[in-house]
Structures are given as C-alpha cells and as structure tokens.
Amino acid sequence: MKTDVLQAAPPAGVRFEPGTETERLVATLAAVYYRLGSDLDQLRRDRYVETATGVELERRARPLGVERPTGEGDDAFRRRALAGRARATSRTTFEDFAETCLEVLDADPDQLRLTVDYDDEPGAVIVEATTTVIEASPFTSDQIVAFLEASLPMSRRVVLRPTDVASWGDGEKGWGTQWGGDIES
C-alpha cells in the first residue's frame, strides 16, 4: 500500500491502527486512486505514435498506411509508423520530401544528398546515402522508394543510390569506362 496517502491524511484525530476498519478503507481507496492514476498515464501514452505500445501502436499506425509484420517489435514498428506519418502528412513539396527522406531513412541531414540528373535519370529525384544508412532503415529498398515516391510532387520517380559502392564504369560498356575509355579485350 502507498503510505503517502495515509501520511498526508488530514490530522483529524483519526487513528489508522493496523487491522481497523478505517485503515482497510483508506488502504482500499489509496489502491483505487493509484490504479486510476496509472491507467490515466497509460491512456496518455497510448495517444501518440511516439509513446504507444503493442495494440495501441498498431491502432495509431493503421491510418498512416503502416501494418505490423508478424514478430516485429515496438521500436522497429514505431520507426516505420513515424515514416508513414511523414509520408501521409507530406504536402508534396520538395521541402516535405526532404523531411520525409530524413524520417524514412532515419538519417541526419549530412547523411543524405538529394540531386537530379536530367541526362541519365529524367524526371527522377536521386537520393544518395551510404549503405549503412539504407540498411539501418526498417524498410527494404523497394519500400523506401515507394514511401518516398508517395511524397513527391507531380508523380516523379525516386532513385535510391548508395554512395559507398565501388563503380567500375558503364555497365553496358564494361570496366575501365570510368577513366574515359573502353578496355579492349
């Protein structure tokens, strides 16, 4: 039993001797009081994606278009739900797209680079990040692209490029093309 209720009781001359009806009544009221406080705290936590757990987290994520796969823990699911919220609240501006990239990839601004290449990838926004950032995301590469494309204006495409992968030239021309020439075999 919480003793602070008994200690904070008004000094009305009532004695709370062990085993008395008064002591049992006050103990019962104190237990209900603290249980209500605990329940209210849990209800407050369950209102937000950031603090909800279990079934309540799933209820908060469902309107955002995020479903929990079997066996996924709350922390990973929460990251996916927050990314879903970023996508769902995007006003399809490039500023919102940049914020969505940060949320979906759970990255810092200095870990991403957004570019366009009108020659090789017309109509696409290129998102460059290290493989560490991409692999740390709770999404697969295809899911990342789908999330990001949903937050882009004018139905643009997204190309996700890792920045720390070795390049050996043009895939159609073969090795050596990165130095400006073809290697003859």
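The values are calculated or read from the model by the stated rules, or taken from the named source; none is laboratory data. Everything numeric in this text was worked out from a predicted model, so none of it was measured. Backbone-built Cβ (ideal geometry, glycine too); neighbour counts: all protein chains shown.
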If V127 satisfies every condition in (1) in a helix (DSSP H, G or I); (2) in the same structural domain as I144 (by TED's automatic domain parsing) but one, which is the exception?
-> (1)
Limited to region 54-75, what total is found for residues that are β-branched (V, I, T) and within 13 Å of the chain's Cα centre (by Cα)?
-> 1
Restrict the check to region 102-114 and report whether at least one residue is surrounded by 14 or more Cβ atoms within 10 Å (Cβ to Cβ), at pLDDT 90 or above, farther than 30 Å from T53 by Cβ and out of contact with any helix residue (DSSP H, G or I) (no Cβ under 7 Å at 6 or more places or on another chain).
-> no
Residue under evaluation G19, criteria (1) on the phi > 0 side of the Ramachandran plot; (2) under 22 Å from the mean Cα position of the chain (by Cα), criterion not met = (2)
Within region 135-172, work out how many residues are outside any loop (DSSP other than H, G, I, E, B) and at pLDDT below 80.
-> 3
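Please determine whether any residue of region 90-99 is at pLDDT below 90 and crowded, with 19+ Cβ neighbours inside 10 Å.
Here is the first cut: in region 90-99, the residues at pLDDT below 90 are 90-99.
This time we only want the ones that are crowded, with 19+ Cβ neighbours inside 10 Å, so: 90, 97.
Scanning region 90-99, I find at least one residue that is at pLDDT below 90 and crowded, with 19+ Cβ neighbours inside 10 Å, so the answer is yes.
Restricting attention to region 115-145, report how many residues are aliphatic (A, V, I, L, M), surrounded by fewer than 16 Cβ atoms within 10 Å (Cβ to Cβ) and farther than 11 Å from V158 by Cα. Give the steps one after another, and end with the answer.
First, pick out the residues of region 115-145 that are aliphatic (A, V, I, L, M): 116, 124-127, 129, 133-134, 136, 144-145.
Narrowing the set further to residues that are surrounded by fewer than 16 Cβ atoms within 10 Å (Cβ to Cβ) leaves 116, 136.
Then drop every residue that is not farther than 11 Å from V158 by Cα, which leaves 136.
Looking only at that region, the number is 1.
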Which condition does E72 not pass, out of (1) in the same structural domain as V158 (by TED's automatic domain parsing); (2) in contact with a helix residue (DSSP H, G or I) (Cβ under 9 Å, 6 or more places away or on another chain); (3) over 22 Å from T163 (Cβ atoms), if it passes all the others?
-> (1)
Pairs returned, first residue in region 83-95 that is part of a loop (DSSP other than H, G, I, E, B), second residue that is among the aliphatic types (A, V, I, L, M) and surrounded by 13 or more Cβ atoms within 10 Å (Cβ to Cβ), beta-carbon separation under 7 angstrom, 6 or more apart or interchain, are T92/L152
